[in-house]
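What follows is one structure encoded as structure tokens, with my remarks underneath.
The values are calculated or read from the model by the stated rules, or taken from the named source; none is laboratory data. Remember, predicted model here, so these are calculated numbers, not experimental data. In this analysis, Cβ positions are derived from the backbone assuming ideal geometry, glycine residues included, and neighbour counts consider all displayed protein chains. Remember, those area values only see protein heavy atoms, side chains included, never the ligands or the DNA or RNA. Shrake-Rupley method; radii C 1.70, N 1.55, O 1.52, S 1.80 Å.
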Amino acid sequence: MFVDSHCHLNYAGLVEEQPAVLARAREAGVSAMLNISTRSSEWDDVIATAEREDDVMASVGVHPHEADLHPDVETETLVARAAHPKVIGIGESGLDYYYDRSDRDRQRQSFRAHIAAARETGLPLIVHTRDAEDDTYAILADEMGKGAYPALIHCFTASRDFAAKVLDLGLTISISGIVTFKKAEDLQATAKDLPADRLLIETDSPFLAPVPHRGRPCEPAYVADTARFLANLRGESVEHLAETTTNNFYRLFTKARR
Ligand SMILES: [Zn+2]
Ligand SMILES: [Zn+2]
């Protein structure tokens, strides 16, 4: 049984047919899904889905793209919303210097506010980082120095060096369908060597459908395809990879109930 540690069930492309999407995920052996928030206006819907569905859990947070539009989202707001029994993580938050949709100072400030919420609640921070390795690592390390907090890098596409550094900080790394792409040779080489006890799998659906579903909207059922590819890459059985990544998920997300 697989856990999809990062999906957006309330995004266009999935929300219109959520019951069918969930049914196909269950059919494919997905036993739990973490439905991720990206802006405060969707928190109610993301949490409502988790309330309705036993195998869906929720996060609260503001994506770096949205940082400019959420000057009011502070640590205490996140902590208050995280008190809900089905909210098991903080995020996604982080830095995106590829799209630069929000001011970089504002992204950094929002990132630190989310880290503080993760530290205060003990709920893992779901980190998004793109073209921002140096600043992401600097902030993660600086904040770790102020007090430990649990965290993972979602949809990992960064360098092997960055992987080594965040693993040293105690973070976990989540691999998406990008690993199945033909051009993803560097990522494949890094993913092959990641420590088995720090590895998660995700879809980031409705984005990034893995091979052989390219060109279609992604959905949680496809985490099984990423798992098969990754297991093959690492020279292990898919059952073994499913078991270790599922155990890793519940060990990191301590508030999640099996
Ligand atoms: Zn992301
Ligand atoms: Zn996402």
With Ile139, Ile115 as the choices, which residue is touching an Asp or Glu at 6+ places or on another chain (Cβ under 6 Å), away from ligand 2 (no atom under 16 Å from the Cβ), more than 23 Å from Met1 (Cβ to Cβ) and aliphatic (A, V, I, L, M)?
Ile115
Ile173 versus (1) within 16 Å of His128 (Cα to Cα); (2) part of a loop (DSSP other than H, G, I, E, B): which is the lone unmet condition?
(2)
Could you list, in sequence order, the residues of the stretch 147-170 that are of a type in the set (Phe, Trp, Tyr), farther than 18 Å from Ala116 by Cα and not in a helix (DSSP H, G or I)?
Phe156
Looking at the structure I just gave you, is Thr75 over 20 Å from Ala256 (Cα atoms), among the polar types (S, T, N, Q), within 16 Å of ligand 1 (Cβ to nearest atom) and in contact (Cβ under 8 Å) with a residue 24 or more places away in the chain?
no
Condition check for Asp225: farther than 17 Å from Ile126 by Cβ, touching a residue at least 40 places away in the same chain (Cβ under 8 Å) and either in a loop (DSSP other than H, G, I, E, B) or open to solvent by 20 Å² or more (accessible area, probe 1.4 Å) (or both)
yes
Only one residue in Ala163, Ala196 is small (Gly, Ala, Ser), open to solvent by less than 10 Å² (accessible area, probe 1.4 Å) and more than 16 Å from ligand 1 (Cβ to nearest atom). Which one?
Ala163
Just checking, does the stretch 58-65 include any residue being without any contact (Cβ under 8 Å) to a residue 40 or more places away in the chain, within 18 Å of the chain's Cα centre (by Cα), surrounded by fewer than 21 Cβ atoms within 10 Å (Cβ to Cβ) and assigned to a helix (DSSP H, G or I)?
yes
Just checking, how many residues over the stretch 119-134 are crowded, with 16+ Cβ neighbours inside 10 Å, within 16 Å of ligand 1 (Cβ to nearest atom) and not β-branched (Val, Ile, Thr)?
6
Matching residues in the stretch 131-172 - criterion: being of a type in the set (Phe, Trp, Tyr) and over 15 Å from the mean Cα position of the chain (by Cα)
Tyr137, Tyr149, Phe162
Look at Leu69 and say whether it is open to solvent by 70 Å² or more (accessible area, probe 1.4 Å) and hydrophobic (A, V, I, L, M, F, W, C).
yes
Enumeration of residues in the stretch 179-193 that are within 16 Å of ligand 1 (Cβ to nearest atom) and more than 18 Å from Phe2 (Cα to Cα):
Leu187
If a residue must be open to solvent by less than 40 Å² (accessible area, probe 1.4 Å), within 14 Å of ligand 2 (Cβ to nearest atom) and either among the basic types (Lys, Arg) or in contact (Cβ under 8 Å) with a residue 40 or more places away in the chain (or both), how many such residues does the stretch 14-48 contain?
6
